[in-house]
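Read through the structure below, which is laid out as C-alpha cells, and then see the notes.
We did not get these values from a lab; they are worked out from the coordinates using the rules stated. All figures in this text were calculated on a predicted structure; none of them were measured in a lab. Virtual Cβ from ideal backbone geometry, glycine too; neighbours counted across all protein chains shown.
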Amino acid sequence: MTNMSVSAQAGHLDIDAERFRRLFDREPMEFSHNLSGLELFKIESLRALAKIMDEHPGDYSVTSGAASGGTNFFSVPMMPYKAHEAIENLDGGAFRILLKRPENHDPRFKALMLDLYEQVKRLLGLDGEKLVRLEGAILITSAATITPFHYDPEVGIFSHIEGEKIYHVYSPGVIRETELERFSICGPVALAPVELDGRDPDREHVFRLTAGKGFHQPQNAPHWVETGSSRSISYTFVFETEAMRAVARTRLDAEGSAEKQRAFPHPTEAAGIEGRRRLEWRYRSLHGRLGTSGCFLTRFQFDWDLRRLAWRYALPGVDTQV
Ligand SMILES: [Fe+2]
C-alpha cells in the first residue's frame, strides 16, 4: 500500500473547541464529522476487512440484539457466525458485529485513527499527556437492534457512518461509587454491565445519530443503543491518558458533596488547585475501605496512582515516591 493511498483517507472532526474543553469527560456532547464519505467505510471495504478478521477471532464478535435496553448485557447470546458471514446476514436477524482494532489489520485505519486523535489532542490541549491506550472499533448492526445498558472504562469519540442510531447515554455521575469500585478498583475491566432501572432521567442524553453525526462519550458514561429502520455502521475510537486513568479510578458521583467533587482535578484543568487537603481526604476515605478488602494488588495500584496524580499536579506535601 502506498503512502498516498493511506493519507488519502482524510478524516475530519468538527467539534466546538470551547465546549469540548468544558464538557470533555464530564458530559456527552454532539459533533459533526466527514467520515461517512470515506471509502474505508463503504460496505465493500468493510466486507474485505471482515474477511481478514475472520482469521483473527479475538478481534471481532457477533452478538444477538437484546430485548430491551435494560436486558442484562451478558445474557445476550453470541452468534456462531464469522464476521463476513454476519455482514451478509444482517437483514435476516438482529446482529451486532464488532470489529475490534481495525488499525491492526489495515494501515489506513491506523492512519485515520492517529490523525483523529491528533485533532482531539489539539482541541483539548493534551500535548503533555502520556497516552496509555488508543484503539478503534467498527460497529455494524442490523436494523431495529438493541445493545443493552453498560458502561465502558474509556473516553470515546463516536462517529456515525450509515443508517440511524439512537444513543441513550447518561452522565458518568449516575454510576454509583459502589458500582465503580466493583467493576474498576478490584481489577481491570473491559466493559461493565450495570442496571438501567433507577437512573436519573434528567441525566440522560438522547442522540439521534445519522451519517455525519457523532458524539463524545465520557469515560464510564453508561448507555444503551438502538438502531433505526436500516443497517447501521459506526466508527469509534477510545483513548486513555495516564492522568485520565488515575482520575477514573477515583471518580465520584457528581451529585456528591462539593468537597468530594473537587477531590481530584479534571485533566484539562490547570494545575495549582488547592489540592492537598482534598487528595488526602480522598486517600483516607478510600484507603480505609481498601485496607479491609484484602485486595492487596488493588491497594498497591491505588497508592501508585495517587502518587502519580500528586506528582503530576505538583501537590506539595504528598509523598510522590513510588
Ligand atoms: Fe459501549
Using alpha carbon centers only, region 31-52 is separated from region 125-144 by a whole-angstrom value of 16 Å
Residues meeting the amide H criterion for Met79 (H placed from the backbone, H to H distance under 5 Å, 5 or more places apart or on another chain) are Val62, Thr63, Ser64
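What shape does region 106-183 have by the C-alpha gyration tensor, where a ≥ b ≥ c are the square roots of the eigenvalues, rounded means a/c under 1.5, and otherwise prolate means a/b greater than b/c and oblate the rest?
Cα axes put region 106-183 in the oblate bin.
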Whole-Hz Karplus ³J(HN,Hα) for region 230-239, in order, using 6.51 cos²θ - 1.76 cosθ + 1.60 and θ = phi - 60°, x for Gly and Pro?
9, 3, 10, 10, 9, 10, 9, 10, 10, 8
Determine which lysines satisfy two conditions relative to Lys51: a Cα distance under 19 Å, and not lying fewer than 8 residues away in the same chain.
Lys42, Lys82, Lys100, Lys110
Charged-residue dipole, Cβ positions (Lys, Arg, Asp, Glu), region 74-206 about Cα centre, Debye nearest 20:
340 debye
How would region 71-140 be classified by its alpha-carbon gyration tensor: rounded, prolate or oblate, with rounded meaning a/c under 1.5 and the a/b versus b/c comparison settling the rest?
prolate
